[in-house]
Each structure stands twice: as C-alpha cells, then as structure tokens.
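Note sheet for the following structure.
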Amino acid sequence: MSATEIRETLKAVRDAAVVPTVDRVAFARRVRAERRRRTAARAAAATAVAASVAAVAGVSASVLPRDPAPPTSVAAAAVADPEQLVGFVVDGHLVVGGSGGYHVTSVPARNVLGVVDELLVLTDGTGALVGVPVAADGTPGPERRLLPGAVAYAWLDRGDGTVYVVDELGRLRSWRPGDGRWTTQPSPQADLYLVDSGHQVESGPGGATLVADGLRRALPSGGGITGGGLAGSVLAWETTRQLRFYDADTGRRLARVPGQWSGALSTDGRSYAGSQDGRVSVVDTRDGAVTDVSGPAGLDGVAWTGDATFVGRERTADGATLWECRADTLSCTRLYADPSGTLQLHS
Amino acid sequence: MASTQIGFSEFMAARWGPLYRTAYLLTGDRHEAEDLLQGALARTCVRWDSIRDKGAADAYVRRAMVHAASRQWGKRGREVVTDEVPDLGHFGGLDVRADHLALWAEIRRLPPRMRATLVLRYVEDLTEAATAHELGCSVGAVKSQTHHALKRLRAALPDLQLAEETS
C-alpha cells in the first residue's frame with residue numbers, strides 16, 4: 001500500500017461526510033460580528049494614519065512654504081456615448097448612459113439587472129428592488145420600489161421581460177413591467193441559483209441541478225462553479241476548468257470550451273460573450289467556436305444591452321473602464337473611464 | 001437572461017457542501033468543521049466585493065479556514081496526540097470501506113497541522129510549495145510533516161505498509 005491509500009481514504013471520507021444544512025441565523029450573526037470587527041480595525045487604522053499624517057504635516061509646515069491644496073481626485077470621464085442604453089454603478093450610485101450622454105444619479109445601486117420596457121431594474125445595497133424609468137436618450141426618471149422589503153436574489157429574463165426574485169420569506173415571485181401584481185411561484189424545494197421562464201438551476205449539498213419541465217439534470221462542478229446564465233433555452237455553465245453550454249429544455253450538452261470563463265449569454269442564447277485568460281471573445285453556444293474581440297484586455301460583469309451589443313468592465317492600473325462591444329463586428333469602444341475604480345455592473 | 005454575476009449568496013449556496021467536506025477533513029469533527037467554515041465564509045462575505053477573481057473564491061475560503069485553524073493550533077499550545085478520537089459517534093454516518101475507516105481513525109489522531117498537511121497535499125492536490133504557502137511554513141516543514149505523518153501512520157497500522165511519496 002502506498003501514500004495513494006491516504007489520498008483514497010481522505011477522498012472517500014470527504015465524499016461520505018454528511019453535509020449539514022446552513023444555519024443561516026448563526027451565519028448572519030457571524031457576518032455581523034465580522035463586519036463590526038472589520039469596521040473597528042479600519043477605524044483604528046484610520047486613527048493611526050491620521051495621527052501620523054498630522055505629525056508629518058506639523059513637521060512640514062515648519063520648513064516648507066504653504067502650497068495650494070492639490071486636487072483630491074480625478075473626475076470620472078465619459079469617453080463616448082453608448083449605442084444602447086446602459087446602466088452601471090459608480091461609487092455606489094447609478095449612472096445611466098444613452099444617446100444623450102451620461103446621467104449620474106443619486107440612486108443607490110449595487111446590481112444592475114438590465115433594461116426592459118424602458119425600465120432599468122436594479123437592486124441596491126439593502127436588497128431593495130428598484131425600477132428607474134429611462135428615456136431612449138438615457139434620461140432617467142424618478143426611481144420607485146418595485147417590491148416592498150428586501151430580496152435575497154433577483155434575475156431578469158430579457159427574453160420575455162420577466163423579473164424573478166426570491167423574497168425575504170424565501171418565496172419565488174415574478175413580475176413583468178406593465179403588470180400590476182407580483183405572481184408567487186411554487187415554493188422552491190432548494191436554493192435557486194439561476195431562474196428564467198421555464199428553467200431553474202438549483203443548488204444543494206449534492207451540487208447543482210438543472211430543472212425544467214420533466215427534466216432534472218445534475219451539473220458538473222468541474223473543480224468549482226464560478227458562474228452561469230440562462231437565456232433562450234440555453235444554459236451557460238462556468239467552472240474553474242470549462243465553459244459548458246446545455247440545451248436547457250432537454251439537458252443535452254451543446255458544446256464545451258476549456259478554461260475559466262466569465263461572461264453572459266445573449267438574449268437568444270446563441271452567443272456567449274466572455275473573458276478568459278486576458279482576452280475577450282464571443283462563443284457560439286451551438287458548437288463552441290470562439291472568436292476573439294479586439295479592444296480590452298479582459299472584461300468582467302459582462303451584460304448584453306442589445307441583440308449584438310454587450311458591455312463589460314475592464315480593470316486597469318488607472319481604475320476601471322466601461323467598454324461596449326459588438327458581437328457582429330468584433331470591435332469594442334471605450335465608453336466611460338472611472339479613476340476611482342468603483343465602476344461595476346454587478347457586485 | 002441577464003442575471004447578476006455570481007454573488008456571495010450564490011457562491012455559498014453552490015460551494016457550502018464541498019467546502020464543508022474540506023473543513024471536516026481539516027478538523028476531523030463535524031461541529032468544528034461547521035464552525036470553521038462559517039467563520040471563513042463570514043470573512044469572505046464581508047470582503048466579497050474586493051475579491052476580484054471570484055473563480056478563486058474557493059481557494060480564498062480554504063486559505064481562511066487553514067489560517068483560522070492554525071490560530072487554534074497555536075492557542076492550544078503544544079499539539080498532543082491522544083488516544084481518544086473526538087466525535088466517535090459520527091463514524092456511524094460515514095459510509096466508507098473498513099480499511100478506509102481504520103486509516104481515517106488514525107489520520108484523525110494526527111496533530112492538526114500534520115493532518116492539514118496531508119489534506120492539502122493529497123486531497124487538494126497542492127504542491128509542497130503551495131502547501132507551505134497555505135500553512136505559512138517552509139517547504140522543508142511540509143516535507144517533515146508529511147514524513148512524520150506517514151511514520152506515525154505506519155507505526156499505528158503496520159499491516160498497511162505505507163510508503164512515502166515524493167512530490
């Protein structure tokens with residue numbers, strides 16, 4: 001017997017261990033404690049830094065002439081107007097871009113789900129689901145809460161314009177702009193990872209499962225699930241090793257591409273725009289053909305804003321840049337430069 | 001469908017099970033494992049926005065667990081091997097072969113740092129250098145811990161004829 005026996009034993013024990021359900025109350029308590037601890041540590045560090053800066057300033061004042069105060073920050077800059085309406089977050093607030101330029105709002109925002117029927121749907125840092133009417137040129141109207149209370153998860157099916165949420169009570173609910181009421185769906189039997197009209201991906205101790213009418217298909221973890229998306233009856237499944245595409249109706253695998261990808265499906269599910277290993281590409285979900293897009297050296301937070309248009313954030317040494325790319329011409333345009341580096345589309 | 005990029009809640013829902021299993025191997029105790037994982041996930045939760053590569057979040061949590069466990073080893077002072085295996089009752093819940101169960105019982109008796117070294121090397125498949133980085137020790141210490149772990153297991157289970165494996 002070799003050390004391989006130790007490996008086999010440990011892996012057998014690992015696989016046999018009975019996984020408890022998450023004690024969410026205890027976990028919430030741990031998170032609150034961790035936040036308090038972190039805040040206290042930051043405050044202590046800030047006090048120490050302030051004290052050292054004050055000390056240095058005191059010394060400098062005695063030997064150096066007083067100079068005008070330098071600018072404290074470099075303002076964010078619009079570089080080009082987008083082809084399609086786009087919403088994104090800078091410094092925790094919504095910015096809307098359209099043919100009429102950019103509008104920096106005071107609306108708190110964290111995740112921008114997308115625009116449907118001239119309503120930009122987002123969640124803020126408190127879990128509130130908010131809608132902001134936007135004109136074609138990007139001019140925003142007054143925001144309004146779309147649902148009382150907080151939501152735990154939210155998804156937007158851009159195909160039919162349905163918003164899905166899991167609310168505070170764990171209920172799956174849906175709503176379409178224009179409809180007056182929310183519809184409560186059958187209670188989910190497991191944690192929901194992805195939802196669209198007709199398909200769900202459940203997440204449980206045994207892994208992830210694609211669920212559709214008459215279908216339950218286990219999904220591979222592939223060394224670790226990093227993301228996924230549902231659109232146009234296609235599931236994109238991102239793991240640390242591979243990007244896989246499945247027919248969400250039948251569970252049949254359509255294609256797979258090696259590597260760790262991060263991206264999003266187009267509304268019809270035929271294309272996937274994503275980033276892997278410092279390049280941006282468009283992938284045909286039917287055969288896995290990869291075509292590179294020129295411009296940014298990698299994008300995250302990719303979101304489709306039109307049939308052939310997607311946006312994403314490039315992190316740079318100077319902060320963050322929002323790009324808009326076209327899947328048909330395989331070219332990208334730099335839209336918005338944010339020196340603060342807080343620009344994001346999703347958290 | 002446009003959806004939010006994987007958020008912490010989704011990550012936790014998807015990875016709770018696999019990460020718990022790693023925690024269980026590190027601690028050898030189901031309650032300690034749950035406590036260790038909850039603490040590491042809470043740390044990860046409040047730092048989620050600053051983790052640029054969400055694909056590496058698994059490794060981030062694992063590292064947090066190893067670091068947290070390391071601090072416990074330090075608080076306990078000198079690592080003492082006892083004849084008592086904690087949480088014996090859980091053995092009944094492990095559906096594994098008898099020889100695996102016997103070897104696991106001995107692995108659980110190893111000092112926590114040795115056990116962690118075996119877990120990182122043989123389950124997480126880390127190199128000696130990566131294991132040293134995770135444990136915050138030298139490569140030599142990893143080799144030494146592995147060597148002594150095998151020596152102890154050979155002594156405890158002479159019939160298994162464990163051989164040392166080089167990296």
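The values are calculated or read from the model by the stated rules, or taken from the named source; none is laboratory data. Please read these numbers as outputs of a predicted model, since none were measured by experiment. Neighbour counts run over all protein chains shown; Cβ positions are idealised from the backbone, glycine included.
Against the definition (more than 18 Å from B:Tyr122 (Cβ to Cβ), of a type in the set (D, E, K, R) and surrounded by fewer than 20 Cβ atoms within 10 Å (Cβ to Cβ)), how does B:Glu32 come out, yes or no?
Against the criterion (more than 18 Å from B:Tyr122 (Cβ to Cβ), of a type in the set (D, E, K, R) and surrounded by fewer than 20 Cβ atoms within 10 Å (Cβ to Cβ)), B:Glu32 qualifies.
Kindly establish whether A:Leu120 is more than 24 Å from A:Thr239 (Cα to Cα) and touching a Leu at 6+ places or on another chain (Cβ under 7 Å).
No: the conditions fail for A:Leu120.
Mind listing just one residue for me: the one in the range A:274-291 that is more than 14 Å from chain B (Cβ to nearest Cβ), assigned to a strand (DSSP E or B) and not polar (S, T, N, Q) and, of those, surrounded by the most Cβ atoms within 10 Å (Cβ to Cβ)?
Ranking the qualifying residues of the range A:274-291, first place goes to A:Val280.
So which of A:Ser271, A:Ser294 is among the small types (Gly, Ala, Ser) and surrounded by 17 or more Cβ atoms within 10 Å (Cβ to Cβ)?
After applying the criteria, what remains is A:Ser271.
Please go through the range A:175-198 and pick out each residue that is within 24 Å of B:Met12 (Cβ to Cβ) and surrounded by 12 or more Cβ atoms within 10 Å (Cβ to Cβ).
Scanning the range A:175-198 gives A:Gln185, A:Pro188, A:Ala190, A:Asp191, A:Leu192, A:Tyr193, A:Leu194, A:Val195, A:Asp196.
Do you know which residues across the range A:106-118 are assigned to a strand (DSSP E or B), over 17 Å from the mean Cα position of the chain (by Cα) and more than 13 Å from chain B (Cβ to nearest Cβ)?
The answer is A:Ser106, A:Val107.
Hey, among A:Gly161, A:Gly222, which residue is under 26 Å from A:Gly306 (Cα atoms), surrounded by 15 or more Cβ atoms within 10 Å (Cβ to Cβ) and within 13 Å of another protein chain (Cβ to nearest Cβ)?
Going through A:Gly161, A:Gly222 in turn, the sole match is A:Gly161.
Check A:Met1 against each of (1) in contact with a helix residue (DSSP H, G or I) (Cβ under 7 Å, 6 or more places away or on another chain); (2) at pLDDT 65 or above and name the one condition it does not meet.
In the conditions (1) in contact with a helix residue (DSSP H, G or I) (Cβ under 7 Å, 6 or more places away or on another chain); (2) at pLDDT 65 or above, A:Met1 misses (2) alone.
All but one of (1) modelled with pLDDT under 85; (2) surrounded by fewer than 17 Cβ atoms within 10 Å (Cβ to Cβ); (3) closer than 30 Å to A:Val132 by Cα hold for A:Asp167; which doesn't?
Failing condition for A:Asp167: (2).
Only one of these is modelled with pLDDT under 85, surrounded by 10 or more Cβ atoms within 10 Å (Cβ to Cβ), β-branched (Val, Ile, Thr) and under 30 Å from A:Cys332 (Cα atoms): A:Val74, A:Val112. Name it.
Step by step, each of A:Val74, A:Val112 is checked, and only A:Val74 is modelled with pLDDT under 85, surrounded by 10 or more Cβ atoms within 10 Å (Cβ to Cβ), β-branched (Val, Ile, Thr) and under 30 Å from A:Cys332 (Cα atoms).
Before we move on, is A:Gly312 in contact with a strand residue (DSSP E or B) (Cβ under 6 Å, 6 or more places away or on another chain), not in a loop (DSSP other than H, G, I, E, B) and not aromatic (Phe, Trp, Tyr)?
Judged against the criteria, A:Gly312 is a match.
Condition check: more than 18 Å from B:Leu135 (Cβ to Cβ), at pLDDT 85 or above, within 14 Å of the chain's Cα centre (by Cα) and of a type in the set (D, E, K, R). Does B:Arg108 satisfy that?
Yes, satisfied.
If I go through the range A:10-34 residue by residue, how many of them are facing chain B (nearest Cβ under 7 Å) and in contact (Cβ under 8 Å) with a residue 40 or more places away in the chain?
Result for the range A:10-34: 1.
Scanning for something modelled with pLDDT of 85 or more, surrounded by 14 or more Cβ atoms within 10 Å (Cβ to Cβ) and either of a type in the set (Val, Ile, Thr) or touching a helix residue (DSSP H, G or I) at 6+ places or on another chain (Cβ under 8 Å) (or both), does the range B:66-85 turn up at least one residue?
Yes: the range B:66-85 contains one or more residues that are modelled with pLDDT of 85 or more, surrounded by 14 or more Cβ atoms within 10 Å (Cβ to Cβ) and either of a type in the set (Val, Ile, Thr) or touching a helix residue (DSSP H, G or I) at 6+ places or on another chain (Cβ under 8 Å) (or both).
From (1) crowded, with 20+ Cβ neighbours inside 10 Å; (2) more than 14 Å from chain B (Cβ to nearest Cβ); (3) not aromatic (Phe, Trp, Tyr), pick out the condition that doesn't hold for A:Pro140.
(1)
Go over the candidates A:Leu243, A:Leu235, A:Leu210, A:Leu265 one by one and state the one that is at the interface with another protein chain (Cβ under 10 Å from one of its Cβ atoms) and in contact (Cβ under 8 Å) with a residue 40 or more places away in the chain.
From the options A:Leu243, A:Leu235, A:Leu210, A:Leu265, the qualifying one is A:Leu235.
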